[in-house]
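Read through the structure below, which is laid out as structure tokens, and then see the notes.
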Amino acid sequence: MRVLSLIIISFLIITISYGNESKTYKILKNLRCLVCQGQTISDSNSDFALTIKEVVTEKVNEGLSEKEIYYFLSDKYGDWILFNTPLKKNSYLLWFMPYVLFILGGAILYIMIKKRTEKIK
Amino acid sequence: MLSSFGISVSTISLLLSLSLLYLSYYDLKLSNNKISKKIYKFAFSQILFTFLSFITLIIAYVISDFSLINVYENSHTTKPLFYKISGAWGNHEGSLLLWINILVLFSFLFLILNKDKNKNFKLYTIIFQNLLISTFLIFLLTNSNPFSLLYPIPTEGMGLNPILQDPALAIHPPLLYLGFVGSSIYFSIALAALITKVDSKSLALTIKPWVSVSWTFQTLGILVGSIWAYYELGWGGFWFWDPVENSSLMPWFLMTALLHSVLVLERRIGLYSWVIILSILTFTMSVVGTFLVRSGILNSVHTFANDPSRGLFILSFLALMVFSSIFIFFKYAPAENKNYKIFSKESFILINNWFMVFFLAVVLIGTLYPVFLDTLTGQKISVGPPYYNFILAPFLLPLLFLMTSGPKHKWISSNVIGIFNIALFTSIILFFVFFLSIKEGGLLLLLILLFSTYLITQTTFDFYETFKNKNINLSRIISHFGFGLLILSISLNQIFSVEKSFNARLGDEKNFLNYTIKFNNLETFSKNNFKSVKGHFEIIDKKNIISQKLTPEIRVYNQPETITYEASINTKLFSDTYLTMSNISNTDIFNVKFQKKPFMNFIWFSVLLISFGGILQFLRLKKRV
Amino acid sequence: MKKKYLVTIYSIAIFFFVVLYLSLNKNNIYTTQENIGKKISVIQLNYFDKPGEFNIQEISNFNFTLLNFWASWCGPCRKEHKHLVELSRNSNLKIIGVNFKDDKKNAMEFLKEMGNPFFILTKDPEGKKSVNFGIYGIPETILINKDLKILKKYVGPLSDKDVREIQRIIKK
């Protein structure tokens, strides 16, 4: 499980960290502003968001890793604050169901097409 | 006065809808070949009265008649006329009336535009459509009445949320409703076709124009919504995978699937049941979206006021609709005609459908999972952009590839070779040019760039071919080209975006990368419905020696009291400069956020192209008929 | 065969509708209830009107501690203040105030006018330290026992019901 989550996390880093954003901006984009209906901390100008921005900047300067900062915040505010849903027992279905459905859909499609070709011959 | 008039008019249109149900049902049993004249007359009065009720509401808004709770809660005398009018559909009750108007409009258009169709098929469609209309009218009159009275009559209204006072957002709901409420008509057609056993060709021909129309409007509606979010919400993003945005995207995926599979149904016999399922699902998803947005079970950037009783009504309606359509489907679904070969064009279209349904599933899972988890276990988690990007981005590769090669296949059967041609070669060269100039960004992103350039070059070649061969489907080429351009622009936007936020006092100067930002002046002024603090900034790009002046604002609106942060955007062909500021409480320090957003115009333009494909498709249909 | 499909699809749909129905009646306001049962972090808070810092671990000397985050600019804080004053009469409970992002002068006036229920008063002018307690808006109140474990967390002003609950817990 750990290997899998490592792969997923590294994949996440590749897919999300496009461009010149520094680490801080990236972290702020992945945090939910709890008081503003679904905006990210990065996008929000609320008081709460400004505080979290400063705290994250401080922690980054202290040399904490991205993961440690996410851990710190989710410890205080719950997983609700993390927009990049961590892979845990309660989110296995969320992360794997799409792949299962994709394969299932593909299988149904394949069988259907195959069945139809055979009938012609 | 207007209140009782509005209520009477809506009640009459409910009665007319019920009479249409009765008349159509009665007419089914008559043996004549034509639909009775009476039905046309009733349908005409129905659309007249429904429009009249909507116009009544708009008039109430225009003259600021605060004896209507709805007007009192959402309008204000100082509001500009344009926003008084658009305020009529900027709230739950008014937009529900707009919903009903569109249901009636499509029902009426269907009746008069399909003169020579099978009589019972038409009658059943009218019956199903009027079942929808009357349910929603009952909902309107009993639970969400925009004409409800308020006593004593207040002298002033509470005002419309200032972020909704915007031209883009004024036209956003009508466009989007024409899209997904429009899908109701092929929901009704599909059920009617099942019952009356209409053959696949006439089902395809009946459905197709409605699919292209609603798909085009849905695309445009989504476009306008994201343009609004881009400049009004002040965070420089245009898509956030927010539940409300997802609600408009879910029907879009299904409409896209339908748009493709109808092609098969029309040319050859096959996919009959599948097209019916898709038609039913599209409208179902539209209602699911409406439920999610209006019941208040989701936490979102764009919310309607919450009220559980609304949610309950829509949910019961949805349940009734789903259960009865499943029942009808199982009772009447015909045995499928089977005549296929692998690698035929049908397979490619089915693969398109596979992807679209998959995308729908991902968005649906991402939207509903937190709700389900919270309800079943009490644990709260958030699902945001990282989830959708991570799951969906890899699937763009095969999708882009199939969009390029799929349409090159002939009907019935063909082989795989011939895909690797000059277009691929060109795009690989272009890709290396990109690769050398970018140097960063993940592998996946680079591959997406490659595949989207491939699609763009291939469709460009196809476009040249249409001059030689008039039979090639231009709408497909334009939409696919637009999609390639969209993905390319979004990727480039991601790669080249620059973002910098910092704290500054008046007079400060900030240097970073090749930019210098000077905070030159601060101005305060008031207008009739807001006070504003406006910062004057000068941004100097040292590499290109350009200086731009930008003026972000912080506005405090008085009716209702709201603070908004107005972004100042300088739009150039290739790149936008985006500046916002906010004040840090109890200080004279401002938090300034500078963003460089490349290729924004290309993103908007490519979505326009995609929808333009839909328009062309519709026009082509007209010509042929 | 057909019937089997029908039953499966119907059951899935029923499941969906039941969950959606239940979700309708759920409270949507987010409270950081997950912190209940956790130990509080080791944090130094600055005293409100004297130099030096208060180590939050020192509250293990008290049987029960109520940590209250407030500010003079916050309307609901004004509303709940009488409850804090009422609770401060309880010998089993010490109330520690954290003055949140506030102006010192205004805060002092507030206490003069409304009474001072705080055994120890500290401040967090930038609001950064409060993040360690999972604070996202004020007023918020945390009930902690001798072992530094969080027993209760109240988001928003304390109500009569909350006060009764606190009194019940600290009696034990």
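Observations on the model:
- Being touching a residue at least 40 places away in the same chain (Cβ under 8 Å), more than 14 Å from chain A (Cβ to nearest Cβ) and of a type in the set (Lys, Arg) is a property that holds for C:Lys79.
- Looking across C:Glu113, C:Glu126, C:Glu109, one residue alone is among the acidic types (Asp, Glu), facing chain A (nearest Cβ under 9 Å) and either assigned to a helix (DSSP H, G or I) or touching a residue at least 12 places away in the same chain (Cβ under 8 Å) (or both). It is C:Glu126.
- Across the stretch B:464-493, the qualifying residues are those that are hydrophobic (A, V, I, L, M, F, W, C) and modelled with pLDDT under 85, and the one among them that is least open to solvent (accessible area, probe 1.4 Å) is B:Ile472.
- Meets criteria (away from chain A (no Cβ under 14 Å), within 30 Å of A:Arg32 (Cβ to Cβ) and surrounded by fewer than 21 Cβ atoms within 10 Å (Cβ to Cβ)) for B:Ile222: no
- Of all residues in the stretch B:50-75, those that are farther than 15 Å from B:Leu2 by Cβ and surrounded by fewer than 22 Cβ atoms within 10 Å (Cβ to Cβ) total 2.
- Residue within the stretch A:51-63 that is under 17 Å from the mean Cα position of the chain (by Cα) and small (Gly, Ala, Ser) present: no
- Identity of the residue in the stretch A:64-91, open to solvent by less than 30 Å² (accessible area, probe 1.4 Å) and without any contact (Cβ under 8 Å) to a residue 12 or more places away in the chain, that ends up nearest to the chain's Cα centre (by Cα): A:Thr85
- The residue of the stretch B:238-279 that is nearest to the other protein chains (Cβ to nearest Cβ), among those that are open to solvent by 10 Å² or more (accessible area, probe 1.4 Å), outside any helix (DSSP H, G or I) and closer than 19 Å to B:Leu220 by Cα, is B:Phe240.
- Check on C:Pro157, assigned to a loop (DSSP other than H, G, I, E, B), open to solvent by less than 60 Å² (accessible area, probe 1.4 Å) and touching a strand residue (DSSP E or B) at 6+ places or on another chain (Cβ under 6 Å): no
- Any hit, the stretch B:534-544, residues being in contact with a helix residue (DSSP H, G or I) (Cβ under 7 Å, 6 or more places away or on another chain) and open to solvent by 20 Å² or more (accessible area, probe 1.4 Å): no
- Looking only at the stretch A:23-78, and only at residues there that are closer than 16 Å to B:Ser501 by Cα and outside any helix (DSSP H, G or I), the one that is farthest from the other protein chains (Cβ to nearest Cβ): A:Ile41
- Filtered residue count, the stretch C:27-57, keeping only those that are within 14 Å of chain A (Cβ to nearest Cβ), in a loop (DSSP other than H, G, I, E, B) and among the charged types (D, E, K, R): 1
- For the stretch A:23-57, the tally of residues that are of a type in the set (S, T, N, Q), open to solvent by 20 Å² or more (accessible area, probe 1.4 Å) and without any contact (Cβ under 8 Å) to a residue 24 or more places away in the chain stands at 4.
- Per the conditions (1) in contact with a His (Cβ under 9 Å, 6 or more places away or on another chain); (2) in a loop (DSSP other than H, G, I, E, B), the sole criterion not satisfied by B:Lys117 is (1).
- Within the stretch B:145-163, the residues that satisfy the criterion of being closer than 21 Å to B:Phe82 by Cα and among the small types (Gly, Ala, Ser) are B:Gly157, B:Gly159.
- Flag for B:Asn130 being open to solvent by less than 20 Å² (accessible area, probe 1.4 Å) and not basic (Lys, Arg): yes
- Put simply, of B:Tyr557, B:Tyr515 the only residue that is under 20 Å from B:Pro162 (Cβ atoms) and surrounded by 14 or more Cβ atoms within 10 Å (Cβ to Cβ) is B:Tyr557.
- Beta carbons closer than 6 Å, at least 6 apart along the sequence or on distinct chains, pair a first residue in the stretch B:388-417 that is within 13 Å of B:Ser452 (Cα to Cα) and modelled with pLDDT of 90 or more with a second that is open to solvent by less than 30 Å² (accessible area, probe 1.4 Å) and of a type outside the set (A, V, I, L, M, F, W, C) for B:Ala393/A:Thr15; B:Leu400/B:Ser452.
- Qualifying residue in the stretch A:69-82 (condition: in contact with an Asp or Glu (Cβ under 7 Å, 6 or more places away or on another chain) and assigned by TED's automatic domain parsing to the domain that holds A:Arg32): yes
Conditions (1) aromatic (Phe, Trp, Tyr); (2) at pLDDT 90 or above, marked per residue:
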| residue | (1), (2) |
| --- | --- |
| B:Ser67 | no, yes |
| B:Ile85 | no, yes |
| B:Trp99 | yes, yes |
| B:Phe106 | yes, yes |
| B:Leu111 | no, yes |
| B:Lys115 | no, no |
| B:Phe128 | yes, yes |
| B:Leu132 | no, yes |
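The values are calculated or read from the model by the stated rules, or taken from the named source; none is laboratory data. Keep in mind that what you see is a predicted model, and the values were worked out from it rather than measured. All Cβ positions, glycine included, derive from the backbone under ideal geometry; neighbour counts span all protein chains shown. Calculation scope for accessible area: heavy atoms of the full protein, side chains included, ligands and nucleic acids excluded. Shrake-Rupley method; radii C 1.70, N 1.55, O 1.52, S 1.80 Å.
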